[in-house]
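Just below is one structure, and these are the notes that go with it.
What follows is calculated from the coordinates using simple rules that are stated; it is not laboratory data. No experiment lies behind these values; they were computed from the predicted model shown.
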Amino acid sequence: MERWDKYWIGIVLGLLMPAVVAYFYIDTYGLQPSIEIFGLALKQMWSKLLIVSVFPDLAFIFVFYSADMWKVSKGLLIGAFPYILAAIGFLL
């Protein structure tokens with residue numbers, strides 16, 4: 001398992017998972033028409049969507065941490081930071 005314990009794997013997973021989750025969330029709940037009509041005017045919705053999309057990252061941080069893959073879990077946290085900062089930015 002040590003050969004998979006790399007920072008870049010965690011960072012890539014941390015950046016891609018929230019984007020995929022957000023895409024499926026938008027698709028499942030039919031938010032596409034609202035986004036097309038209102039765009040960035042729905043700051044509260046974008047903030048909540050970004051927060052929800054980070055949850056899988058947080059779950060996998062725990063999973064990799066429990067599996068003693070420290071670097072991957074740290075990389076996941078680093079990859080989640082842009083989404084967390086964007087969510088905070090939409091709230092301000």
Review point. Working from the pairwise distances between different alpha carbons, so that the mean of 1/r is found and then inverted, what is the range 1-53's Kirkwood radius in Å?
Key: 12.7
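Before rounding to the nearest 500, sum -39500 (n - 2.57) across all DSSP H runs of length at least 4 in the chain and divide by the residue total; then give [θ] at 222 nm in deg cm²/dmol.
Helix-only estimate at 222 nm: -28000 deg cm²/dmol.
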Review point. Quick one: if you take sqrt(5λ) for each eigenvalue of the C-alpha gyration tensor of the chain, what semi-axes come out, biggest first, whole angstrom?
Key: 29, 13, 9
Review point. So which aspartates and glutamates pass the test for K74, namely a Cα distance under 19 Å, with those fewer than 8 places away in the same chain ruled out?
Key: E2, D5, D57
Review point. Using 0.36 nm per residue, how much length does the chain from F24 to A41 gain when fully extended, once their Cα-Cα distance is taken away?
Key: 4.0 nm
